[in-house]
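Data first, discussion second: the structure below is written as C-alpha cells.
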Amino acid sequence: MGFFDKFKKKEPAEVKLPETIPGQKTDSITFDDIPETMEAFMSLPSAKLETPADTAALTAVAFCVYPVNKELSLQMLNFLKGPGGPLSEFEKQFIRDRFMDNKDYIPRSFFDGATPENDYMPSAPYTLKVLTNPYSINREEGTANLFLTSSGADTPRAVVLRLAKDGKWYLWEQYLLSDIRKPESENPWA
C-alpha cells in the first residue's frame, strides 16, 4: 500500500431513503373543473372547509382564477379567510405584484401533471396533493401548517390555517405565490 492510497476515497455505502417522511400524510383533493363563479366555488364539496387540506387546496384554486377574474378570485380568498378577512389592501397589493409579468402559471404548478415542460398546464380532473406531517396541526392553538408541492420549486410551499369556533378551517397565511422556474416556453436557456 502506497502513501497516497490512504487518501483514496472509499466507496460510500448505498443509502436507501424512505419514500415518504415518517408521519407524513398526503391528501389528494380533486376538482372536475376550476369554478368560474362564486356559486360554483361555494358548491364544491371542499368549500365546507371541514379539513385544513380542503381550505389549502381551495386557496390554490382561488389563485388560479386571479389571472382571468381578479375580483372573483379576491371574493374566493375573502370567503376562505372567514373571520380573519377580508383581505387587507396590503394583501391585495402583494397578490397583484405576484401576478405581474404574466406569472399566471405559479398557482397551476401545484396541480398534478403541471410541469415546466408543458408550461404548467394540468389536465382534468385537477388534483392537488396536500402534505401534512406530525407537527402540522396544533390543536391547542387551533392552527395547521400544510404544504403544497409545486413542480417548479425545490421545496413545498406552506399554507397556514386556523380553526374557528364554527369548526371550519380558514386561511390565515399563504406562501404559494413565491417565484418558481419559468415555463419552458419562456425560458431562453431551456
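The values are calculated or read from the model by the stated rules, or taken from the named source; none is laboratory data. Predicted, not measured: the structure shown is a model, and the values here were computed from it. Cβ coordinates were reconstructed from backbone atoms using ideal geometry, including for glycine residues, and neighbour counts include every protein chain displayed.
Within the stretch 24-41, track down each residue that is under 16 Å from the mean Cα position of the chain (by Cα) and either hydroxyl-bearing (Ser, Thr, Tyr) or under 18 Å from MET121 (Cα atoms) (or both).
Of everything in the stretch 24-41, those that are under 16 Å from the mean Cα position of the chain (by Cα) and either hydroxyl-bearing (Ser, Thr, Tyr) or under 18 Å from MET121 (Cα atoms) (or both) turn out to be THR26, SER28, ILE29, THR30, PHE31, ILE34.
Say we look at the stretch 28-38 and pick out the residues that are in contact with a Ser or Thr (Cβ under 7 Å, 6 or more places away or on another chain) and not small (Gly, Ala, Ser); which of these is surrounded by the fewest Cβ atoms within 10 Å (Cβ to Cβ)?
Across the stretch 28-38, the extreme among qualifying residues is THR30.
Anything in the stretch 133-151 that is in contact with a Lys or Arg (Cβ under 9 Å, 6 or more places away or on another chain), surrounded by 19 or more Cβ atoms within 10 Å (Cβ to Cβ) and at pLDDT 95 or above? List them, or say none.
ALA144, PHE147, LEU148, SER150, SER151
Grab the helices (runs of 4 or more DSSP H) fully contained in the stretch 44-114, keeping just those with 2 or more residues being hydrophobic (A, V, I, L, M, F, W, C) and farther than 19 Å from ALA158 by Cα.
The qualifying helices (runs of 4 or more DSSP H) are 70-81.
Among the listed residues PRO125, PRO83, identify the single one that is touching a residue at least 12 places away in the same chain (Cβ under 8 Å) and within 18 Å of the chain's Cα centre (by Cα). Steps first, answer last, please.
On the way: PRO83 fails: within 18 Å of the chain's Cα centre (by Cα).
Every option except PRO125 fails the conditions.
Restricting the first residue to the stretch 49-72 and requiring it to be touching a residue at least 12 places away in the same chain (Cβ under 8 Å) and within 21 Å of ARG139 (Cβ to Cβ), which pairs with a second residue that is among the aromatic types (Phe, Trp, Tyr) and surrounded by fewer than 24 Cβ atoms within 10 Å (Cβ to Cβ) meet a Cβ separation below 7 Å and a spacing of at least six or different chains?
Within 7 Å, the pairs are LEU49/TYR170; THR55/TYR170.
Quickly run through the stretch 121-154 and pick out the residues that are among the aliphatic types (A, V, I, L, M) and closer than 15 Å to THR59 by Cβ.
LEU128, VAL130, LEU131, ALA144, LEU146, LEU148
Condition first: surrounded by fewer than 24 Cβ atoms within 10 Å (Cβ to Cβ), under 17 Å from LYS165 (Cα atoms) and hydroxyl-bearing (Ser, Thr, Tyr). Now tell me which residues in the stretch 39-60 satisfy that.
Once the filter is applied, which keeps residues that are surrounded by fewer than 24 Cβ atoms within 10 Å (Cβ to Cβ), under 17 Å from LYS165 (Cα atoms) and hydroxyl-bearing (Ser, Thr, Tyr), the stretch 39-60 yields only THR51.
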